[in-house]
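Data first, discussion second: the structure below is written as structure tokens.
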Amino acid sequence: MNDWIDDYIAKQKAALDSIQADAVAHLIERLRQAHREDRQIFVFGNGGSAANASHFATDLGKGASDKLRKRFRVMSLNDNVSWLTALSNDYAYADVFAAQLQNYGRPGDLALTLSVSGNSPNCVKAIEWANAHGLHTIALVGAKRGRLAEIAKDVIVIADAHYGRAEDAQMGICHLLCYAFMERPELAQS
């Protein structure tokens, strides 16, 4: 068992090492700009990525915002079960995020999706809608990249296709994005 654990940890370190600091710094700047312009930030994903999206929205909306004069406007599109079930029942599960963006999204807002495969139909459809309607699109994906890596304007690829390791690394990125403002609140002031 110890060999398996050591191997898993070594691969997790490699996944974390694949995160490019410049790409994360670019996303921090995107968030800084969205904050300055009072833009809405939408985040979404499926399964573990849905949990990461909710966690990110909490950390950015509460933790990072607590240090700032003005709060981040962030919403996880995963968190309203009534919306999700109504949209998936009346339309299709592939529409659950795009249909919410139709109600809330405005040009200049940010749409950030997390998907290890990069091919989740509901995430792809939402990013396509967001691109067509002037939102800035961001995708955090695993090594398979998928369609999201082709269509999102900003993409960070984790160099591992293992769902657990890729999701852990994506959450690491989400924490970097939030803790940049928690630990350096002056970023939002300039």
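Taking other residues whose beta carbon is less than 14 angstrom from the beta carbon of C178, and scoring Lys, Arg as +1 and Asp, Glu as -1, yields +3. Residue exposure proxy: F72, F97, ordered by other Cβ atoms within 10 angstrom of their Cβ from fewest to most, comes out as F72, F97. For a test of the definition: using alpha carbon positions, the gyration tensor, and the 1.5 limit on a/c, classify region 1-61 as rounded, prolate or oblate. Oblate. Charged neighbours of N122, selected by a Cβ distance under 15 Å, balance to -2 (K, R count +1; D, E count -1). For R71, neighbours were defined as the other residues whose beta-carbon sits under 15 Å from its Cβ, and their charges (Lys and Arg +1, Asp and Glu -1) total +4.
Highest mean first, the peptides 27-38, 115-126, 142-153 sorted by other C-beta atoms within 10 Å per residue fall in the order 115-126, 142-153, 27-38. What separates the Cα centres of region 57-108 and region 132-190 is a distance of 16 Å. Treating the chain as a set of equal point scatterers at the Cα positions, no solvent, please give the Debye-formula log₁₀ I(q)/I(0) at q = 0.09, 0.18 Å⁻¹. Ignoring solvent entirely, the Cα scatterers give -0.31, -1.18.
A short reminder: the numbers here are calculations on the coordinates, not readings from a lab. Remember, it's a predicted structure, so these values are computed and weren't measured experimentally. Reconstructed Cβ throughout: ideal geometry from the backbone, glycine too, with neighbour counts over all protein chains shown.
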